[in-house]
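I'd like to ask some things about the structure below.
The values are calculated or read from the model by the stated rules, or taken from the named source; none is laboratory data. What you are looking at is a predicted structure, and each value in this text was computed from that prediction instead of being measured. Positions of Cβ are backbone-derived with ideal geometry, glycine not excepted, and every protein chain shown enters the neighbour counts. Heavy atoms of the whole protein, side chains included, go into the accessibility calculation; ligands, DNA and RNA do not. Shrake-Rupley method; radii C 1.70, N 1.55, O 1.52, S 1.80 Å.
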Amino acid sequence: MHQVVGVSHECDFPKEANELPRITRCPVHDRNLTSREVDEWVRRALHEKGTIYTIDEPLLRTLRPDVILTQRLCDVCAVGYGTVAKLAQTLPGPPRVVNLEPTSLADIFDDIRRVADACDVRECAEKLIQNLCERVENVRERAARIPDRPRSFVMEWVDPPFCSGHWGPELVEIAGGFDPLGRKHQPSAQIDWQQVMDARPEIIVLALCGYDIVCACRDYELLGQFPGFNSIPAAQSGEIYVVNASAYFSRPGPRIVDSLEILAGILHPSEFPEFVSCGPDDPRVVCAS
């Protein structure tokens, strides 16, 4: 962390990140808007301006970074790559711009190497990746022995409904489940509520993009108002879980393996008791129903 000179408005891990200058800003960040209000604002801002973020250019020039980490995966998640790359060319140096654009678990590990190479710490990356891969294989091998693969729905947004994409369905698969609505290695997408009804998921995981447990629990109340919600198997059996997607599922970094372990504890609690929720105060995952 002593080499990091600035962070985005979203960066909060490790805790030392909160003490650093914030280079980006989003007008609706921490505004406590409803799920529908956020969706409408984002669509409108992207249509009118092409972005929902602003960069503090004078601050960035003052900090004089050697490397800028950015992404081209999603214009809703962070400042667009094109904007960052264009600005970087005007900065002293200019700094090296490293684009991170993962759609799978393997891509995330490759991105860790890419960051390490840019910062000349490849050996650290390999040790980290080895540990992460061992944890992944621990889940994969144990889950592979379980014949039951419950129909699961990882939901990335409630109003309007969005299915999971990119690495989400892959994590469900490794953890011993099946997400019929997920878009493996593709962007998440808005879906009709009727598709959820037709899929009849046995387990629902609310991994709402950028939301922590508190915000996701608030949107769970919205979910209960959807027509026919109580007829879904997951609702009838009380198998609806809220996770801290902001810390885990939404962020393609080392903690994505924590997300896999969380899913394993949800899908197969008897096989993975060490990953099961500790109760309503668990900062990772809670049972909402």
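So how many residues does the stretch 234-270 have that are under 22 Å from A143 (Cα atoms) and touching a Lys or Arg at 6+ places or on another chain (Cβ under 6 Å)?
The total comes to 3.
Among the listed residues G182, G176, which satisfies the condition of being within 25 Å of L73 (Cβ to Cβ), within 21 Å of the chain's Cα centre (by Cα) and not hydrophobic (A, V, I, L, M, F, W, C)? Show your work before the answer.
Details: G176 fails: within 25 Å of L73 (Cβ to Cβ).
Exactly one residue qualifies, and that residue is G182.
Which of the following residues is at pLDDT 95 or above, touching a Pro at 6+ places or on another chain (Cβ under 7 Å) and either among the hydrophobic types (A, V, I, L, M, F, W, C) or farther than 13 Å from R284 by Cβ (or both): A234, A264?
A234
Can you tell me how many residues in the stretch 187-223 are touching a helix residue (DSSP H, G or I) at 6+ places or on another chain (Cβ under 8 Å) and open to solvent by 20 Å² or more (accessible area, probe 1.4 Å)?
Of the residues in that region, 6 qualify.
Collect the residues in the stretch 229-243 that are within 14 Å of V276 (Cα to Cα), in contact with a helix residue (DSSP H, G or I) (Cβ under 6 Å, 6 or more places away or on another chain) and either open to solvent by 20 Å² or more (accessible area, probe 1.4 Å) or small (G, A, S) (or both), keeping them in residue-number order.
Answer for the stretch 229-243, where residues must be within 14 Å of V276 (Cα to Cα), in contact with a helix residue (DSSP H, G or I) (Cβ under 6 Å, 6 or more places away or on another chain) and either open to solvent by 20 Å² or more (accessible area, probe 1.4 Å) or small (G, A, S) (or both): just Y241.
Residues of the stretch 190-237 being among the charged types (D, E, K, R) and in a loop (DSSP other than H, G, I, E, B), which ones? Spell out the reasoning first.
Let us first name the residues in the stretch 190-237 that are among the charged types (D, E, K, R), namely 192, 198, 200, 202, 212, 218-219, 221.
Selection gives D192, R200, E202, D212.
Right, something else. What number goes with the only condition from (1) open to solvent by less than 20 Å² (accessible area, probe 1.4 Å); (2) farther than 22 Å from P283 by Cα; (3) of a type outside the set (A, V, I, L, M); (4) touching a Ser or Thr at 6+ places or on another chain (Cβ under 9 Å) that P180 does not pass?
(1)
Inspect all residues belonging to the stretch 88-108 and state whether any of them is of a type outside the set (S, T, N, Q), in contact with an Asp or Glu (Cβ under 8 Å, 6 or more places away or on another chain), assigned to a helix (DSSP H, G or I) and under 30 Å from L223 (Cα atoms). Before you say what the answer is, go through the steps one by one.
So the first thing to find is which residues in the stretch 88-108 are of a type outside the set (S, T, N, Q), and the list is 88, 91-98, 100-102, 105-108.
Filter once more, so that each one left must be in contact with an Asp or Glu (Cβ under 8 Å, 6 or more places away or on another chain): 93, 95-96, 100-102, 105, 107.
Those left that are additionally assigned to a helix (DSSP H, G or I): 105, 107.
Next cut, under 30 Å from L223 (Cα atoms) only: 105.
Yes: one or more hits.
Return yes or no: is V84 in a helix (DSSP H, G or I), of a type in the set (A, V, I, L, M) and at pLDDT 95 or above?
For V84, the condition - in a helix (DSSP H, G or I), of a type in the set (A, V, I, L, M) and at pLDDT 95 or above - is not met.
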